[in-house]
Amino acid sequence: MSDTRADPMVLNGKILARSIEEQLRQRVDAVKEKLGYAPVLATIIVGRNPASVTYVNMKCKACMRVGLEPLRVELPETTTTEELLAQIDRLNKDVRVSGILLQHPVPRQIDEARCFNAILPEKDVDGVNAASFGAVSLGDPGYVSATPRGIMRILKEYKIPLEGKEAVVIGRSRILGKPAALLLLGENCTVTICHSRTNDLPEIV
């Protein structure tokens, strides 16, 4: 019997990213003209996790490419929850700061969920607090976690039909698996979530 499966499609996110950055540069220029200054995106990093350092460097470079002003807040590994909350409160009150990112993961002694939820919803550009997650789950306007939103943007760019499809999400983290599942549900997919406690992987027809 011949194999009738279609050839795999390569979804090139880099091409789309360049297009999005060009659009963002134009939008940021308009905002800068209105405000009189460049909006600030603050990224908080606690400790020196090598992967986190790399991600933060990439975010700062991306900011500069589109005209945003990156603000890097570096805190020591020994930072407490209260100390981190104080930094978030300071950034919440800073009118020049339009967005706040708390780099994940944070050291074990920190209550990560409490710190995520301390970010004002209007500045929670990574969609990590409970208010943002609730908005996504209800289909209301709100910030969406970056990676899940990027996934959906790529699927739509390549006109991948989603309605009625079966989708399997690997992982259930609050910044990737869960919001990705909710976004797929919003597109009328039938969603299965597999995670570390999944006994038997589903057979998707």
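The values are calculated or read from the model by the stated rules, or taken from the named source; none is laboratory data. Quick caveat, the model's predicted, so the values are computed rather than measured. Note: ideal-geometry Cβ built from the backbone for every residue, glycine included; neighbour counts use all protein chains shown. Accessible surface is based on the protein model in full, side chains and every heavy atom, while ligands, DNA and RNA are left aside. Shrake-Rupley method; radii C 1.70, N 1.55, O 1.52, S 1.80 Å.
The residue of the stretch 123-148 that is farthest from Thr192 (Cα to Cα), among those that are out of contact with any Pro (no Cβ under 8 Å at 6 or more places or on another chain) and in a helix (DSSP H, G or I), is Lys123. Checked across the stretch 35-54, the condition of being out of contact with any strand residue (DSSP E or B) (no Cβ under 9 Å at 6 or more places or on another chain), among the polar types (S, T, N, Q) and within 23 Å of Tyr143 (Cα to Cα) holds for no residue.
What's the number of the only condition in (1) at pLDDT below 95; (2) farther than 26 Å from Leu185 by Cβ that Val136 fails to meet? Going through the list (1) at pLDDT below 95; (2) farther than 26 Å from Leu185 by Cβ, Val136 breaks only (2).
For residues that are of a type outside the set (A, V, I, L, M, F, W, C) and more than 16 Å from Arg149 (Cβ to Cβ), scanning just the stretch 122-133, find the one that is surrounded by the fewest Cβ atoms within 10 Å (Cβ to Cβ). Top of the filtered list is Glu122. Contact annotation: residue pairs with Cβ atoms under 9 Å, 6 or more positions apart or on different chains, pairing a residue in the stretch 136-157 that is within 21 Å of Leu16 (Cβ to Cβ) and open to solvent by less than 30 Å² (accessible area, probe 1.4 Å) with a partner that is of a type in the set (Ser, Thr, Tyr) and not in a loop (DSSP other than H, G, I, E, B), are Val144/Ser132; Ser145/Ser132. Across the stretch 55-87, what is the number of residues that are touching a strand residue (DSSP E or B) at 6+ places or on another chain (Cβ under 7 Å), among the aliphatic types (A, V, I, L, M) and over 26 Å from Gln26 (Cα atoms)? Here the count works out to 3.
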